[in-house]
Amino acid sequence: MTRIGFLACADTLPGAGERRGDAFEHDIEVAALRPAFAELGLDLIEIDWRSPLADFEGIALVLLGTAWDYQDHPAEFLARLDELVARGIAVHSPPDVVRWNIDKRYLQDLASRGAVTVPTLWFDDVDREGVLAAMEQFGTDRVVVKRQVGAGALGQFSFKRDSLPDDGWNMGKPCMVQPFLASVPEEGEYTFVFIDGAFSHGVLKRPAAGEYRIQSLYGGSEHDFAPSPTDLATAQAVVAALPFAAPLYCRIDMARLPSGELAVMEAEMIEPYLYPEQGPHLGETLAKAILARL
Ligand SMILES: Nc1ncnc2c1ncn2[C@@H]1O[C@H](COP(=O)(O)OP(=O)(O)O)[C@@H](O)[C@H]1O
Ligand SMILES: [Mg+2]
């Protein structure tokens, strides 16, 4: 059996200590991939990305899996990926793709290469004045402020004109401001999973009542989604706009603009949850794509 590492972190791995509220997604993904991988001679091994290098002995390729704490330790994470590559281990996504994908300013690249993106203003930091100015510029009463390096809606804010941040508030980090898309709570966010650049399956992610964040941590739910040809073409155009060949896996998250067109919210290539429940063939598709790369 060829050993394939599934990188995780201390609070997504089963066993030791307290786990994150969404660690069950780790279990669902491993349970879906492991048997399908085994059928094709691949042994899937869950491993903490911070494990001693010696523990990676004999692993041919690693998937970035559920290393869901990298965003607070990006330099350490990237250094580890470089070390794995230096040991001859194939890393997916590769460090250069991770470097590009770790900072949401990659959306500027995608936009300049023709993808439809959510309108965004970029700030080294933002305060109450900046939030107000963004509302003026977008002609809206509600915006979302997010970290440029972030995931899982961590450290994210949604401000309305009647609930502005305090005078002394500032984000304290490079951030981005977007108009709040009403379609997210009303309709949901769409995920398109691509394996080696080919569409695998779609997911509609809906927030809980009164929420706008679709993540399971906030009570979001996931549903099967078969995209229309137009919506699929819009997602495919995002993959085509990547400044490198399509990676082994990627997840294109999209939301509907008031114009009716889907826009990319996030193109996740680092440690995306790939929604195996909405794509029952995911394990086999991914295993075959891995075999083709070994
Ligand atoms: N402009 C927006 N309008 C409405 N909801 C948004 C907007 N941006 C983000 N969200 C909500 O917040 C969640 C997290 O934002 P996202 O850009 O996906 O960052 P990340 O997943 O990396 O934290 C989204 O899944 C969505 O539910
Ligand atoms: Mg997201």
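Observations on the structure shown:
- Taken as a whole, the stretch 133-141 holds at least one residue that is surrounded by 21 or more Cβ atoms within 10 Å (Cβ to Cβ), assigned to a helix (DSSP H, G or I), away from ligand 2 (no atom under 13 Å from the Cβ) and among the hydrophobic types (A, V, I, L, M, F, W, C).
- Matching residues in the stretch 215-246 - criterion: being open to solvent by less than 40 Å² (accessible area, probe 1.4 Å) and either within 16 Å of ligand 2 (Cβ to nearest atom) or of a type in the set (Ser, Thr, Tyr) (or both): Ser216, Gly220, Phe225, Thr234, Ala235, Val238
- Filter pass, Tyr275 being within 14 Å of ligand 2 (Cβ to nearest atom), of a type in the set (Ser, Thr, Tyr) and either touching a residue at least 12 places away in the same chain (Cβ under 8 Å) or open to solvent by 30 Å² or more (accessible area, probe 1.4 Å) (or both): yes
- Some residue of the stretch 115-132 being closer than 21 Å to Gly168 by Cα, assigned by TED's automatic domain parsing to the domain that holds Asp162 and touching a Ser or Thr at 6+ places or on another chain (Cβ under 9 Å): no
- Flag for Gly65 being touching a strand residue (DSSP E or B) at 6+ places or on another chain (Cβ under 8 Å), under 19 Å from Lys288 (Cβ atoms) and surrounded by 14 or more Cβ atoms within 10 Å (Cβ to Cβ): yes
- Out of Glu18, Glu46, Glu29, one residue alone is closer than 25 Å to Ser221 by Cβ and buried (at least 18 other Cβ atoms within 10 Å of the Cβ). It is Glu29.
- Qualifying position, being assigned to a loop (DSSP other than H, G, I, E, B), within 15 Å of ligand 1 (Cβ to nearest atom) and open to solvent by less than 50 Å² (accessible area, probe 1.4 Å), among Tyr190, Tyr212: Tyr212
- Filter pass, Gly188 being among the small types (Gly, Ala, Ser) and touching a residue at least 24 places away in the same chain (Cβ under 8 Å): yes
- Set Val193, Val203, Val149, Val177: member being at pLDDT below 95 and within 29 Å of Glu222 (Cβ to Cβ): Val149
- Residue selected from the stretch 68-99 under the condition farther than 24 Å from Ala245 by Cβ and among the small types (Gly, Ala, Ser), by the criterion most open to solvent (accessible area, probe 1.4 Å): Ala75
- Test: residue in the stretch 51-61 that is of a type in the set (Phe, Trp, Tyr) and surrounded by fewer than 22 Cβ atoms within 10 Å (Cβ to Cβ): yes
- Here Gly152 fulfils each of the conditions (1) open to solvent by less than 70 Å² (accessible area, probe 1.4 Å); (2) in contact with an Asp or Glu (Cβ under 8 Å, 6 or more places away or on another chain); (3) on the phi < 0 side of the Ramachandran plot apart from (3).
The values are calculated or read from the model by the stated rules, or taken from the named source; none is laboratory data. Only a predicted model underlies this, so the values are computations on that prediction, with no experimental measurement involved. Quick reminder, even Gly has a Cβ in these numbers, built from the backbone with ideal geometry, and neighbours come from all protein chains shown. Ligands, DNA and RNA are excluded from the accessible area calculation, which covers all protein heavy atoms including side chains. Shrake-Rupley method; radii C 1.70, N 1.55, O 1.52, S 1.80 Å.
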